[in-house]
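Below is one structure, written out as structure tokens; comments come after it.
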Amino acid sequence: QVQLVESGGGLVQPGGSLRLSCAASGSTSMINSMGWYRQAPGKERELVAVIHVSGNTRYADSVKGRFTISREKLMNAVYLRMNSVRPEDPGVYYCNALQAWGAHWGQGTQVTVST
């Protein structure tokens, strides 16, 4: 089992920056990829960014060029640097870890965008 704990959410102004962190513990040795998803009120959870154990990354079109995902090589932590935050970016950001036998989710961290 893998436990994921997110941190770093909060209030950010449009155009501002925020850094989210996710710490993984438990059976992390076989994690293939880690990622960030977000869910805004009334909307479905959507992929924001994912990073593979190889280092390859994938981003939602809406965050390309603004957000950067990174990870510890041991795949026991993943980060999301959010730059040039927009009014459409708020929501609960969830950390995800994918293993061959299933996915694991954190409890989420709230990101609010407001002046």
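The values are calculated or read from the model by the stated rules, or taken from the named source; none is laboratory data. Bear in mind the structure is a predicted one, so any value in this text is a computation, not a measurement. Don't worry about glycine lacking a Cβ; one is built from the backbone with ideal geometry, like all the others, and counts go over all protein chains shown. Areas reflect the complete protein model, heavy atoms only, side chains present, ligands, DNA and RNA absent. Shrake-Rupley method; radii C 1.70, N 1.55, O 1.52, S 1.80 Å.
In the range 54-76, the residue that is least open to solvent (accessible area, probe 1.4 Å) out of those that are of a type in the set (A, V, I, L, M) and at pLDDT below 95 is Met75.
Filtered by the rule that a residue be assigned to a loop (DSSP other than H, G, I, E, B), open to solvent by 60 Å² or more (accessible area, probe 1.4 Å) and of a type outside the set (D, E, K, R), the range 28-53 gives Ser29, Met30, Pro41, Gly42, Val53.
Just to be sure before I move on: is Tyr79 in contact (Cβ under 8 Å) with a residue 60 or more places away in the chain, touching a Lys or Arg at 6+ places or on another chain (Cβ under 7 Å), open to solvent by 10 Å² or more (accessible area, probe 1.4 Å) and assigned to a strand (DSSP E or B) in the structure I sent? For Tyr79, the condition - in contact (Cβ under 8 Å) with a residue 60 or more places away in the chain, touching a Lys or Arg at 6+ places or on another chain (Cβ under 7 Å), open to solvent by 10 Å² or more (accessible area, probe 1.4 Å) and assigned to a strand (DSSP E or B) - is met.
The residue of the range 94-115 that is surrounded by the most Cβ atoms within 10 Å (Cβ to Cβ), among those that are within 14 Å of the chain's Cα centre (by Cα) and part of a loop (DSSP other than H, G, I, E, B), is Gly106. In the range 21-47, of all residues being of a type in the set (A, V, I, L, M, F, W, C) and either touching a helix residue (DSSP H, G or I) at 6+ places or on another chain (Cβ under 7 Å) or farther than 12 Å from Gly91 by Cβ (or both), the one that is modelled with the lowest pLDDT corresponds to Met30. Residue count for the range 82-93, restricted to those that are of a type in the set (D, E, K, R) and either open to solvent by 10 Å² or more (accessible area, probe 1.4 Å) or in a strand (DSSP E or B) (or both): 2. Residues that are in a loop (DSSP other than H, G, I, E, B), of a type in the set (Gly, Ala, Ser) and out of contact with any Phe, Trp or Tyr (no Cβ under 8 Å at 6 or more places or on another chain) were ranked within the range 9-27; the one that is least open to solvent (accessible area, probe 1.4 Å) is Gly16.
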